[in-house]
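Rule-based calculations on the coordinates, nothing more; no lab input. This is a predicted model, so every value here is computed, not measured. Please note: Cβ atoms are built from the backbone with ideal geometry, for glycine as well, and neighbour counts cover all protein chains shown.
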DNA sequence: TAGATTGTTAATCGATTAACAATC
DNA sequence: TAGATTGTTAATCGATTAACAATC
């Protein structure tokens with residue numbers, strides 16, 4: 001029988017990493033069992049919502065008991081694709097690029113940084129941890145000889161789109177974008193953006209939110 | 001007459017910085033007029049949605065004409081609270097902290113970095129641009145003598161919550177959080193989180209999304 | 001005036017919450 | 001078995017889309 005799983009909504013998908021984080025924490029605390037009610041209280045969601053979310057992927061709980069932390073965590077890990085390995089390059093070896101390479105958590109989850117690229121002569125040839133910075137001129141050759149799954153983009157805004165175009169041209173299908181810019185990519189390329197400017201402006205809104213009529 | 005503006009939903013608020021970005025771009029291109037239809041096409045929204053969003057704050061357009069880019073941009077700028085000035089400290093002077101201090105865009109919008117704090121002896125006393133790194137021991141005194149509106153948090157995960165508690169204790173009411181952790185704060189403190197780990201895991205999900213039944 | 005496009009109300013769609021039978 | 005809690009259906013709520021009168 002063919003399965004016809006309805007495409008899961010982005011709203012649910014965006015909550016998955018949070019579930020994974022909380023379940024990892026629970027496991028670190030050696031808690032073996034959790035109910036949707038307990039998890040809801042921890043995460044600020046409702047029990048119903050959690051059960052709905054999880055059930056869009058399958059039945060991971062046990063009636064009358066709850067969810068086994070380890071089992072559920074592993075299930076979500078797999079749903080997130082974290083059972084796989086990813087080769088990754090970083091374009092833009094500024095402070096942000098450095099910060100990401102040094103992020104221990106990524107390595108733990110099978111994200112392998114293969115190279116950094118920049119145009120600044122002072123940066124070329126340097127090593128950040130065990131990752132070498134190459135010149136952008138060497139990008140094509142490098143990607144041709146390595147299977148690269150993800151490109152992390154932390155270049156100046158004005159070259160954001162052109163760099164994206166180049167990366168897409170080279171066949172990379174996933175971009176983690178730190179440039180405060182909405183990138184245009186073909187349908188078969190996925191982009192996830194971290195927009196620090198947007199976050200800051202949301203914060204300034206919230207700071208003043210209640211001032212008008214309270 | 002008293003105004004009873006219904007509280008604007010977070011869904012709409014999260015789109016405001018995007019409107020602001022697009023309107024800024026339009027103004028830079030010297031485009032004076034835009035219709036909801038044109039803006040919708042650019043932003044990947046519907047014209048209806050844009051008109052609904054904007055009208056939750058007031059009537060900024062002209063029937064039969066559209067929106068004056070400059071006027072609308074200024075209106076949103078004000079809604080976002082970017083007509084005000086904000087004093088800001090950064091706790092954690094690692095690469096991420098450095099990246100943020102060097103972010104030109106923030107200064108343009110009235111965000112002033114007053115100091116950085118760290119516990120690493122090698123960092124104390126250094127200057128990043130014109131911002132000095134102080135020891136965390138000096139935090140209380142500094143905040144007591146400066147009106148600090150925003151704290152940017154880029155400390156190691158394991159001290160994320162305790163640092164937050166300390167900052168809250170000192171009376172700071174807004175936190176831009178880069179620690180991959182859901183911070184607990186009192187109701188009168190606003191937190192906006194940038195969670196790079198969550199974004200990466202969303203990306204790995206999307207990479208594998210269509211693999212199961214297609 | 002005629003054409004265009006807003007502001008706003010009504011209809012639809014999707015997400016959350018509630019309820020409860022299934023079952024561990 | 002009785003109690004607990006899931007999986008899942010139904011009800012509600014909120015967000016998006018459609019429609020159109022107001023009006024520039």
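Here are a few things to note about the model shown:
- Single match in B:79, B:100 (criterion: in contact (Cβ under 8 Å) with a residue 40 or more places away in the chain, at the interface with chain A (Cβ under 10 Å from one of its Cβ atoms), surrounded by 13 or more Cβ atoms within 10 Å (Cβ to Cβ) and within 16 Å of DNA strand C (Cβ to nearest atom)): B:79
- Index of the failed condition, residue B:191 passing every other in (1) part of a helix (DSSP H, G or I); (2) within 12 Å of chain A (Cβ to nearest Cβ): (1)
- Top-ranked residue in the stretch A:49-70 [being under 15 Å from residue A:26 (Cα atoms), more than 9 Å from DNA strand D (Cβ to nearest atom) and surrounded by 15 or more Cβ atoms within 10 Å (Cβ to Cβ); ranked as nearest to the other protein chains (Cβ to nearest Cβ)]: A:69
- Filter pass, residue B:21 being more than 13 Å from DNA strand C (Cβ to nearest atom) and surrounded by fewer than 19 Cβ atoms within 10 Å (Cβ to Cβ): no
- Members of the stretch B:28-61 found to be out of contact with any helix residue (DSSP H, G or I) (no Cβ under 9 Å at 6 or more places or on another chain) and near DNA strand C (Cβ under 6 Å from one of its atoms), listed by number: B:55, B:59
This table checks each residue for (1) touching a helix residue (DSSP H, G or I) at 6+ places or on another chain (Cβ under 6 Å); (2) surrounded by fewer than 21 Cβ atoms within 10 Å (Cβ to Cβ); (3) in contact (Cβ under 8 Å) with a residue 40 or more places away in the chain.
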{"site": "B:132", "(1), (2), (3)": "no, yes, no"}
{"site": "B:153", "(1), (2), (3)": "no, no, yes"}
{"site": "B:161", "(1), (2), (3)": "no, yes, no"}
{"site": "B:175", "(1), (2), (3)": "no, no, no"}
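- Lone unmet requirement of (1) more than 16 Å from DNA strand D (Cβ to nearest atom); (2) away from chain A (no Cβ under 13 Å) for residue B:90: (2)
- Scanning the stretch B:163-173 for residues that are away from every other protein chain (no Cβ under 12 Å) and either surrounded by fewer than 19 Cβ atoms within 10 Å (Cβ to Cβ) or not in a helix (DSSP H, G or I) (or both) yields B:165, B:166, B:169, B:170, B:171.
- Any hit, the stretch B:178-186, residues being part of a helix (DSSP H, G or I), in contact with a strand residue (DSSP E or B) (Cβ under 6 Å, 6 or more places away or on another chain) and buried (at least 22 other Cβ atoms within 10 Å of the Cβ): no
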